[in-house]
Amino acid sequence: MTLGLGHLALAGALASCAAGIGGFFYGTHVGAAQEQAARKRADDAAEAVRARLQGQIDASTERSQAAEYTRQASVREIYHESQKVVERPVYRNVCIDADGVGLLDRAADVANGTGVASAAGAPGAAAQGAAQ
């Protein structure tokens, strides 16, 4: 059995197809590895930025807590006593004094519709004088 030129051409075509398929899979593998390496570099850079910012936040928190501690250490409580002056006696048998009775009477007059003009503080009669 002799191999002819057609057989050699077919074998060459199969070899080139196998090489092409192998190259495709190799390229896919290399591309995926490169993509993973690029993703890892990006993740590492983001982690470094996050760690740096977290360090700044922690330092700021410590400074704030130290300032608050020193502020609270300097706070003093001040007690101020004042004397109350009572014009009217508080503990008596009478529940309402004369001013309160007058206010209640005036309120009752307003509610009943009698003496409304005097309830507003206007005098009931005309004033005596030159302006009549």
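Scan Gly6, Gly12, Gly23 and give me the residue that is more than 52 Å from the chain's Cα centre (by Cα) and loosely packed, with under 10 Cβ neighbours inside 10 Å. It is Gly6.
One residue is enough: does region 114-121 have a residue meeting the conditions modelled with pLDDT under 85, loosely packed, with under 10 Cβ neighbours inside 10 Å and part of a loop (DSSP other than H, G, I, E, B)? Yes - at least one qualifying residue is present in region 114-121.
The values are calculated or read from the model by the stated rules, or taken from the named source; none is laboratory data. Here the structure is a predicted model, which means the values were calculated and not measured. Neighbour counts run over all protein chains shown; Cβ positions are idealised from the backbone, glycine included.
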